[in-house]
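Written out below as structure tokens is the structure these notes cover.
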Amino acid sequence: MPMKKFVNDPDNLVSELLEGFVLANADKVKLAGDNLVVRVHPKSQDKVAVVTLGGSGHEPALSGFVGEGMLDVSVPGEIFAAPGPPRVIEALRMVNRDAGVLFVVLNHEGDVMTANMVMEMVEKEGLNVKQILTHEDISVPSREDPSDRRGLAACLLVIKVAGAAAEQGRSLDDCLAIAERMERNMATLAVAVSGATHPSTGEVIAELPDDEMVVGMGQHGEAGGGAQKMKTADQTADIMLPLLLNDLNIQRGEQVLVMLNGVGSTTLMELYVVLRRVRQILDDKGIKLARSIAGEFLTVQEMAGFQMCVARMDPELIELWDAPCNSPALVAR
């Protein structure tokens, strides 16, 4: 079946989507340099800047996280592909300051390859940059050696709390420590019920039978934990949430944030039904649902399914999560 998407020349897809993106969010973001997404109202030079990179096609991520209390710059790559080092180093030079820059990278091969080359350039140029790598996908089992764990939608949590700390004027070391604490305290698991097509080529990324779902599939159709028969909303939550709680060793009396991220075709109706079951399970276990959020934050075109993220929270992380922000993808007052 041919791809049915409202696109023009695939070679112009990213530049055209970025043009439209900043038009739709002109009070928050604009383009600068070589298609870098930056804040319309930059923070003062005495505060830490926060920068990330990542492939396009996952809107609103990652450029949708640019704004007050969150990112200062996003470096978007081509569809599902990391940007090259020259554009990333351009972004880091643009916001380099005495206060420093926090560089947030999701653990995907292309992103990490670019980031490693960029950090070598950072060292040679003497830029004040520190990096954090997010890798919270528990479909790869080892928490002790998380290098193979993919970075999924919970990067939003790291960006939110680190961005809030930066907005408050905290030091680069403090912002990094807060980002690392959130990263250690979060876990994500994805479920997919249908795949997607690549919007530039029409190539099918993943195919699933109509009566099956896969728990653990990655953002680009990467292998997961194996196919199983389609389950109800409650049954799916009953499978996923205990795995996340066990991975984090969440105990009775602790408090958590839960984020449900729809990946493209799954409706808010479905996410809300799952979220109510999450609350029931947590109540039964004596775990407090301190904060919850459901919506589309990091999508995969028309893939159907969602990512469930659980994060152990403490009073400081809750305060930073609740702090004001104003980005295309998330607003808090």
Handout entry: Residue check for Val215: among the β-branched types (Val, Ile, Thr), within 30 Å of Asp46 (Cα to Cα) and open to solvent by less than 40 Å² (accessible area, probe 1.4 Å)
Key = no
Fill in the blank from the handout: Reported set for segment 171-185 where residues are farther than 13 Å from Lys160 by Cα and part of a helix (DSSP H, G or I) is Leu172, Asp173, Asp174, Ala177, Arg184
Completion exercise
Taking segment 200-212 and the residues there that are of a type outside the set (S, T, N, Q) and farther than 16 Å from Ala304 by Cβ, the one that is surrounded by the most Cβ atoms within 10 Å (Cβ to Cβ) would be Gly202
Exercise for the section: Hey, can you tell me all the residues within segment 6-23 that are in contact (Cβ under 8 Å) with a residue 12 or more places away in the chain and part of a loop (DSSP other than H, G, I, E, B)? Expected result: Val7
Completion exercise
Picked from segment 303-333 (must be closer than 20 Å to Pro42 by Cβ and of a type in the set (A, V, I, L, M)), the residue most open to solvent (accessible area, probe 1.4 Å) is Val331
Exercise for the section: Would you check if Ala26 is in contact with a Gly (Cβ under 9 Å, 6 or more places away or on another chain) and either more than 30 Å from Gly202 (Cα to Cα) or surrounded by 19 or more Cβ atoms within 10 Å (Cβ to Cβ) (or both)? Expected result: no
Exercise for the section: Tell me, yes or no, whether segment 290-299 has at least one residue that is open to solvent by 30 Å² or more (accessible area, probe 1.4 Å) and in contact with a Pro (Cβ under 6 Å, 6 or more places away or on another chain). Expected result: no
Completion exercise
The lone condition Met113 fails out of (1) hydrophobic (A, V, I, L, M, F, W, C); (2) surrounded by fewer than 21 Cβ atoms within 10 Å (Cβ to Cβ); (3) touching a strand residue (DSSP E or B) at 6+ places or on another chain (Cβ under 6 Å) is (3)
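A quick yes/no check of all residues on (1) among the hydrophobic types (A, V, I, L, M, F, W, C); (2) at pLDDT below 90:
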{"position": "Thr188", "(1), (2)": "no, no"}
{"position": "Ala206", "(1), (2)": "yes, yes"}
{"position": "Thr232", "(1), (2)": "no, no"}
{"position": "Ala237", "(1), (2)": "yes, no"}
{"position": "Pro242", "(1), (2)": "no, no"}
Completion exercise
Over segment 95-110, the set of residues within 17 Å of Ala162 (Cβ to Cβ) and surrounded by fewer than 23 Cβ atoms within 10 Å (Cβ to Cβ) is Arg97, Ala99, Gly100, Asn107
Exercise for the section: Residues being among the charged types (D, E, K, R), in contact with a helix residue (DSSP H, G or I) (Cβ under 6 Å, 6 or more places away or on another chain) and more than 18 Å from Cys175 (Cα to Cα): count how many of those fall in segment 30-76. Expected result: 2
Problem - Search result, residues across segment 115-156 that are over 29 Å from Leu330 (Cβ atoms) and in a loop (DSSP other than H, G, I, E, B) - result: Gly126, Pro141, Ser142, Glu144, Asp145
Exercise for the section: Tell me which residues, restricted to segment 291-332, are in a strand (DSSP E or B) and not small (Gly, Ala, Ser). Expected result: Arg291, Ile293, Phe306, Gln307, Met308, Cys309, Val310, Arg312, Met313, Cys325, Asn326, Val331
Exercise for the section: Tell me which residues, restricted to segment 129-174, are over 24 Å from His58 (Cβ atoms) and either crowded, with 24+ Cβ neighbours inside 10 Å or at pLDDT below 95 (or both). Expected result: Pro141, Ser142, Arg143, Glu144, Asp145, Ala165
Problem - Residues that are under 25 Å from Ala164 (Cβ atoms) and surrounded by 17 or more Cβ atoms within 10 Å (Cβ to Cβ), drawn from segment 271-288 - result: Leu271, Leu275, Val278, Leu282, Ile287
Exercise for the section: Would you please list the contacts, defined by Cβ atoms under 8 Å and residues six or more apart or on different chains, that run from a residue in segment 110-121 that is closer than 19 Å to Asn96 by Cβ to a residue that is aromatic (Phe, Trp, Tyr) and open to solvent by less than 60 Å² (accessible area, probe 1.4 Å)? Expected result: Ala115/Phe103; Val118/Phe103; Met119/Phe103
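The values are calculated or read from the model by the stated rules, or taken from the named source; none is laboratory data. All figures in this text were calculated on a predicted structure; none of them were measured in a lab. We place every Cβ from the backbone using ideal geometry, glycine too, and count neighbours over all the protein chains shown. Remember, those area values only see protein heavy atoms, side chains included, never the ligands or the DNA or RNA. Shrake-Rupley method; radii C 1.70, N 1.55, O 1.52, S 1.80 Å.
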